[in-house]
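Contents: one structure, followed by commentary.
Rule-based calculations on the coordinates, nothing more; no lab input. As the structure is a computational prediction, the values presented were derived from the model and not from experiment. No Cβ is skipped: glycine too gets one built from the backbone with ideal geometry, and neighbour counts run over all protein chains shown.
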Amino acid sequence: MDHITPDERSPLDHPGAPRRVRATAGAQEPHGLPTLIAPDVEPEALLRSTLDALSAHIAVLDEAGTIVAVNQAWRAFAHASGYTDENHGVGMNYLAVCEAAAAVSRDAARTAKALKDIMAGHRSEFRMEYPCRSPQGPRWFQLRVTRPDQTQTCRIVIAHEDITEVKRTQEELARLSGRLMHLQDEERRAIARELHDTTAQNLLAITLNATRLHKGLREAGDPTRGVLAETLELAEQSLQEVRTLSYLLHPPLLDDIGLSAALSWLARGFSERSGIQVDIGIENSGEPLPRPTATALYRVAQEALSNVHRHSGSKRARLALYRTEDMVQLDIVDSGTGLRNPQKAGDEVRHIGVGISGMRLRLEQLGGQLDIRSGPSGTHVSARVPLAPLEEDQSSRDAAPSAG
């Protein structure tokens, strides 16, 4: 086929495309759609100026995946990236480029598959975010592939939009959120220590003094002894509540012994307070986990058990901790009626509460993920955190489909 550029033809001039019909006021296109172009406007010039006005890098493909036109943003990015082809990719088969890179890039493989599905008419569009290296440094793009259904000839539009600033803003927000969570953890740890070392000790002293007074006032009247007995009971109750609050804020077991012991204590205490039986299964706990990982998983267990109590109606739950060489996983499963009013995307529950949303963000910052599945037969919360640092697959990123 002949190589073309937008300065020479519009996509409608590609061989095999239907001939243009001069539009008149009130006229309709041959395929029955009303015209959207004034009679004194040249369609080719309008199309070219419209495409060139867009900031996204646009390429138009034919039914075989060959690029038949690109806009000014595409050409400018190609030139800045050192792409020397004077046609800026026009005449190149975009699908073939993606298929060639599929072996080293999951993004290219996804794009190739989606493009073939769109060409076959099995889907109408595809969206994907991907990283890319550019003359300005690492950048992020959103790829959108669409197939307009208003034309008689198959045309596929590829749009690469620079979303680097959006991604940077998201990353900064995530960093600030992570910092806030870290400060909250430190504050909880400090409050828990103060409650345990000071408030609880003072209440213990009050309890001991009240006990001695109660024993020493054997000759006192019944009203006096009754008031003292009530005071002793309230002091013991307050002492127990302060200790429980201290452990819930930050159990010392988490720092002193590790996550396994802290989860066992959490499950037993939860069962006593809620009446819900919690079965515990801990396998291959191994060496102590890093503090951020242990804290994140403990908070997930806290929130998940709290949701069991508030929402599911289950009388039994299971908490399990697994560990392999490179990953640790925490599962909390119940047999209740599922979470109320969940917002779903597929089978995954996207919204449960602020606590779960925070835990999802906390795990993502550790390179992990939180999966929640809920239905009439119960809810399954699964948290996974890698133990080895994540390494970027630079070869995969370099091979990602890029504009130009």
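Annotations
- If you take the Cα centroid of the range 224-259 and the Cα centroid of the range 148-198, the two points sit 38 Å apart.
- Residues Leu208 and Glu187, FRET efficiency given R0 of 41 Å [Cβ-Cβ distance, rounded to 0.05]: 0.85
- The relative contact order of the range 251-343, computed from alpha carbon pairs under 8 Å that lie at least 6 residues apart in sequence, is 28 percent.
- Peptides ranked, highest mean first, by Cβ atoms within 10 Å: ranges 62-75, 134-147, 251-264, 268-281: 62-75, 251-264, 134-147, 268-281
- Dipole check for the range 212-266: with +1 at the C-beta of Lys and Arg, -1 at the C-beta of Asp and Glu, and the Cα centre as origin, the magnitude is about 200 Debye.
- Taking Lys and Arg as +1 and Asp and Glu as -1, the other residues whose beta-carbon sits under 12 Å from that of Leu180 total 0.
- For GluC sites (Glu not before Pro), the sites in the range 176-262 that DSSP calls loop and that have at most 14 other Cβ atoms within 10 Å are Glu219.
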